[in-house]
Amino acid sequence: MDNIITVQELKVKGAKALKEKTGKNQEAFITVRGAKTFVVMSMQQYNYLRECELEGALKEAEGDLANGKFAVKSIDDHIKDLKNV
């Protein structure tokens, strides 16, 4: 079940509305004109998701390194490459 908070409810109840709708590791959706527009979650859940994202990026970089998919170049050359993309 979705935990939905309307903008009006958020204006009236503030943080109390967030606490009512979110629990441990749950998110709540804030709606604007009936459409889910924002997601609110606990810091614990946010930190967990961020850690998963960073771990995935690290594994990808380690794979690229192991497979020789990298280049050694100067900072200036790297910046030029980025501008040309």
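Taking segment 3-27 as the region of interest, how many residues are over 20 Å from Tyr46 (Cα atoms), among the basic types (Lys, Arg) and either surrounded by fewer than 11 Cβ atoms within 10 Å (Cβ to Cβ) or in contact with a Phe, Trp or Tyr (Cβ under 6 Å, 6 or more places away or on another chain) (or both)?
1
Asp2 fails exactly one of the following numbered conditions: (1) of a type in the set (D, E, K, R); (2) in a helix (DSSP H, G or I); (3) at pLDDT below 95. What is the number of that condition?
Against the list (1) of a type in the set (D, E, K, R); (2) in a helix (DSSP H, G or I); (3) at pLDDT below 95, Asp2 comes up short only on (2).
If I filter segment 15-58 down to residues being part of a loop (DSSP other than H, G, I, E, B) and of a type in the set (Lys, Arg), which single residue comes out as nearest to Asn3 (Cα to Cα)?
Among those residues, the one meeting the criterion is Lys24.
Of the residues Val12, Val39, only one is at pLDDT below 95 and more than 17 Å from the chain's Cα centre (by Cα); which? So that I can check it myself, show each step before the final result.
Numbers: Val39 fails: more than 17 Å from the chain's Cα centre (by Cα).
After applying the criteria, what remains is Val12.
The values are calculated or read from the model by the stated rules, or taken from the named source; none is laboratory data. It should be emphasised that the depicted structure is a prediction, and the values quoted were computed from it without experimental measurement. Positions of Cβ are backbone-derived with ideal geometry, glycine not excepted, and every protein chain shown enters the neighbour counts.
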